[in-house]
Amino acid sequence: MNAHEIDYRIMGEEMQCVEIQLDQGESVVAEAGSFMMMDQDIQMETIFGDGSNQGGGLMGKLMGAGKRLLTGEGLFMTVFSNTGYHRQSVTFASPYPGKIVPMDLQVLGGKIICQKDSFLCAAKGVSVGIEFQRRLGAGFFGGEGFIMQKIEGDGLAFVHSGGLVIERDLAPGEILRLDTGCLVAMTASVEYDIEFVKGVKTAVFGGEGLFFATLRGPGRVWVQSLPFSRMADRVLSAARFGGKDEGGLLGGLGNLFER
């Protein structure tokens with residue numbers, strides 16, 4: 001294997017964290033801001049790019065860092081390494097309520113494609129890059145789905161979802177339609193496109209948006225019940241219209257008459 005072999009333990013229910021157990025010399029790479037705690041012999045190092053063994057030299061590192069900018073992430077990632085003689089642990093936490101999903105890339109064909117903000121951490125040697133959607137509809141109307149992350153290698157990677165995560169195995173030619181923000185990840189064999197919601201009334205008054213993602217098998221798909229964008233919209237809406245009467249019959253409408 002090119003990636004380091006790591007062990008892990010996922011803890012919690014709604015607000016999960018993952019404890020990575022590292023033997024001497026093993027390392028894990030993580031997104032900035034996901035660190036929670038670590039044992040005394042774990043050393044941190046900030047690096048360009050994703051910490052994989054691909055694309056050596058300064059130019060390769062700059063290319064890896066530049067790809068991360070296109071997905072909305074920072075230039076740097078953090079590597080956590082066990083420099084001691086005994087097994088040590090480092091723990092990472094998901095940024096919002098949901099589930100942490102372990103992905104064994106060796107079992108999943110060496111590559112998964114995921115939403116650009118869902119990657120949490122991975123064994124050192126796993127490559128985190130960008131995946132452009134080839135279809136024109138996905139490019140113009142996909143929103144979250146246009147530029148996605150691809151995670152490649154033969155080690156363990158961890159992604160996080162919002163709310164509940166549902167795993168579906170699609171048969172060849174089987175189609176699954178979902179909200180564009182509800183897609184967490186999919187294997188590379190799944191075809192992805194954006195489809196217009198048929199019917200003007202449904203599109204305008206249905207409250208579900210004008211487009212949804214269409215996934216075609218074969219392959220495996222992970223779907224989340226609460227995308228962060230949807231949760232953020234609800235929080236902002238409550239902040240604008242909420243108040244002391246929000247639990248009453250009129251809800252936020254009561255505040256319109258207050259001066």
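With (1) open to solvent by less than 30 Å² (accessible area, probe 1.4 Å); (2) at pLDDT below 90 as the list, and G217 as the residue in question, which single condition is left unmet?
(2)
Does G51 satisfy the condition of being buried (at least 22 other Cβ atoms within 10 Å of the Cβ), modelled with pLDDT under 95, out of contact with any Asp or Glu (no Cβ under 8 Å at 6 or more places or on another chain) and part of a loop (DSSP other than H, G, I, E, B)?
yes
For segment 1-27, give me each residue that is within 18 Å of D41 (Cβ to Cβ) and β-branched (V, I, T).
Hits for segment 1-27 are I6, I20.
State all residues of segment 85-113 that are in a loop (DSSP other than H, G, I, E, B), closer than 14 Å to W222 by Cα and either of a type in the set (A, V, I, L, M, F, W, C) or open to solvent by 60 Å² or more (accessible area, probe 1.4 Å) (or both); if no residue qualifies, say none.
The answer is L108, and nothing else.
Can you tell me which residues in segment 180-207 are modelled with pLDDT under 90 and open to solvent by 50 Å² or more (accessible area, probe 1.4 Å)?
F196, K198, V200, K201, T202, V204, F205, G207, listed by residue number.
State whether the residues of segment 57-74 include one that is part of a strand (DSSP E or B), modelled with pLDDT under 90, under 20 Å from the mean Cα position of the chain (by Cα) and within 29 Å of D23 (Cα to Cα).
Within segment 57-74, not a single residue is part of a strand (DSSP E or B), modelled with pLDDT under 90, under 20 Å from the mean Cα position of the chain (by Cα) and within 29 Å of D23 (Cα to Cα).
The values are calculated or read from the model by the stated rules, or taken from the named source; none is laboratory data. Keep in mind it's a predicted model, so treat the numbers as computed, not measured. Note that we place each Cβ from the backbone using ideal geometry, even for glycine, and neighbour counts take in every protein chain shown. Only protein heavy atoms, including side chains, enter the accessible area calculation; ligands, DNA and RNA are left aside. Shrake-Rupley method; radii C 1.70, N 1.55, O 1.52, S 1.80 Å.
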